[in-house]
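Visitor: Have a look at the structure that comes next, please.
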Amino acid sequence: DTGVSQDPRHKITKRGQNVTFRCDPISEHNRLYWYRQTLGQGPEFLTYFQNEAQLEKSRLLSDRFSAERPKGSFSTLEIQRTEQGDSAMYLCASSSQGAGTEAFFGQGTRLTVV
Amino acid sequence: RKEVEQDPGPFNVPEGATVAFNCTYSNSASQSFFWYRQDCRKEPKLLMSVYSSGNEDGRFTAQLNRASQYISLLIRDSKLSDSATYLCAVNTGTDKLIFGTGTRLQVFP
């Protein structure tokens, strides 16, 4: 499978715990995006990378959230001290560089904080 | 004002109908535009890119109006299988891809 893959697909955690999600982009893609989606809403931009550089992080993003892409390939998104409001689908997408290039999504990680 | 806005719907249309969705964007420096389809509890899937001159893919037509800063999606001869949420996405010029909230379409027999 050469698409974007995310792991795990589902995560249930207790409030206050830390969680980490992984995204493996399409191999030739150098851009990687993280989004959060809640019911009835579109994907909300969290952050994105070009290769290993994190180019932008949403101002709405709490400092409990951190993302890395250490070698410009896979990326991780960590949420520290989870809160119930963090429950959502976390989506990763990747694209090639250049105007007009399409982004392709992974199947997402559904987080439930209890 | 949101960077990308869509009418959430739902749009309820009978099979065979033609339906159109609009999506407005606020950043005039936006460079590229896309429509995605999302089925319930699934990831968004690229439906089509939107080119300046407009483009068509089977029953689907996408158009861009830069002067008024909106894009549109027209679906002709609606099928039951077209029922989904349609998301517009805009590359804002800083290569950040921003999505609208989506428009829900329900096609009924």
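Visitor: With θ set to phi - 60° and the Karplus curve 6.51 cos²θ - 1.76 cosθ + 1.60, what are the ³J(HN,Hα) couplings of segment A:77-87 in order, to the nearest whole Hz, using x for Gly and Pro?
Guide: Going residue by residue, I get 10, 10, 10, 9, 6, 4, 10, 4, x, 7, 4 Hz, with x marking Gly and Pro.
Visitor: Another one. Out of the trypsin sites (Lys or Arg not before Pro) in segment B:2-109, which ones are loop residues according to DSSP with at most 10 other C-beta atoms within 10 Å?
Guide: Passing both the DSSP loop test and the Cβ count: B:41.
Visitor: Further question on the same structure: Give me the extension gain from residue B:49 to residue B:26: residue separation times 0.36 nm, minus the current Cα-Cα distance, reported in nm with one decimal.
Guide: Once the chain is fully extended between residue B:49 and residue B:26, it gains 6.4 nm.
Visitor: Still on this model: I need B:98, A:26 ordered by Cβ neighbour count within 10 Å, fewest first.
Guide: In increasing order of surrounding Cβ atoms, one gets A:26, B:98.
Visitor: Right, here's the next one. What shape does the protein assembly as shown have by the C-alpha gyration tensor, where a ≥ b ≥ c are the square roots of the eigenvalues, rounded means a/c under 1.5, and otherwise prolate means a/b greater than b/c and oblate the rest?
Guide: It comes out prolate by the Cα gyration axes.
Visitor: Please identify, among A:61, A:32, A:91, the residue showing maximal mean-square fluctuation in a Gaussian network model of chain A using a 10 angstrom Cα cutoff.
Guide: So, out of A:61, A:32, A:91, the one fluctuating most is A:61.
Visitor: Right, another one. Using the Cβ atoms and a cut-off under 14 Å, what net charge is assigned to the surroundings of residue B:33, where Lys and Arg are +1 and Asp and Glu are -1?
Guide: -2
Visitor: Which values, in whole Å and largest first, are the semi-axes of the equivalent ellipsoid of segment A:1-51 obtained as the square root of 5 times each eigenvalue of the Cα gyration tensor?
Guide: Semi-axis lengths for segment A:1-51 are 22, 15, 12 Å.
Visitor: Could you pull out the GluC sites (Glu not before Pro) across segment B:1-93 that fall in loop regions by DSSP (anything but H, G, I, E, B) with no more than 10 other Cβ atoms inside 10 Å?
Guide: Qualifying residues, ordered by number: none.
Visitor: Take B:99, A:49 and order them by how many other Cβ atoms sit within 10 Å, fewest up front.
Guide: Going from sparsest to densest Cβ surroundings: A:49, B:99.
Visitor: Turning to a different aspect of this structure: Taking other Cβ within 10 Å of each residue's Cβ, how do A:10, A:29 sort, fewest first?
Guide: A:10, A:29
Visitor: Straight-line reach only, C-alpha to C-alpha below 28 angstrom: list the lysines that residue B:96 could link to, leaving out same-chain residues fewer than 8 apart.
Guide: Leaving aside lysines fewer than 8 places away in the same chain, those within reach of residue B:96 are A:11, A:57, A:71, B:2, B:42, B:45.
Visitor: Non-local amide H neighbours of residue B:17 (under 5 Å, H modeled in plane, Pro and chain starts lacking H): which ones?
Guide: Excluding prolines and chain starts, which carry no amide H, the hits are B:78.
Visitor: Something else about it: For chain A, give me the percentage of DSSP beta bridges that are antiparallel, rounded to the nearest 5 percent.
Guide: The answer is about 90 percent antiparallel.
Visitor: For segment B:1-80 and segment A:74-106, write down the distance between their C-alpha centroids in whole Å.
Guide: Between the Cα centres of segment B:1-80 and segment A:74-106 lies a distance of 22 Å.
Visitor: What share of all Cα pairs of chain A, in percent, falls into each consecutive 10 Å distance bin?
Guide: 15, 50, 30, 5, 0
Visitor: If you don't mind, there's one more thing I want to ask. Mind checking which aspartates and glutamates have their C-alpha under 18 Å from residue A:14, skipping anything on the same chain fewer than 8 residues away?
Guide: Counting by Cα, and skipping residues close in sequence, residue A:14 has these aspartates and glutamates nearby: A:78, A:83, A:86.
Visitor: In sequence order, what are the phi-derived ³J(HN,Hα) couplings for segment A:57-62 according to the Karplus relation 6.51 cos²θ - 1.76 cosθ + 1.60 with θ = phi - 60°, rounded to whole Hz, with x for glycine and proline?
Guide: For segment A:57-62, the Karplus-derived couplings read 10, 4, 5, 7, 7, 4 Hz, x marking Gly and Pro.
Visitor: What does the charge add up to near residue B:108, with Lys and Arg as +1, Asp and Glu as -1, over the other residues with Cβ less than 12 Å from its Cβ?
Guide: Around residue B:108, the charge tally is -1.
Any read-out appearing in this document is the output of simple, stated calculations on the displayed coordinates, not a laboratory observation. None of these values were measured; they are calculated from a predicted model. Note: ideal-geometry Cβ built from the backbone for every residue, glycine included; neighbour counts use all protein chains shown.
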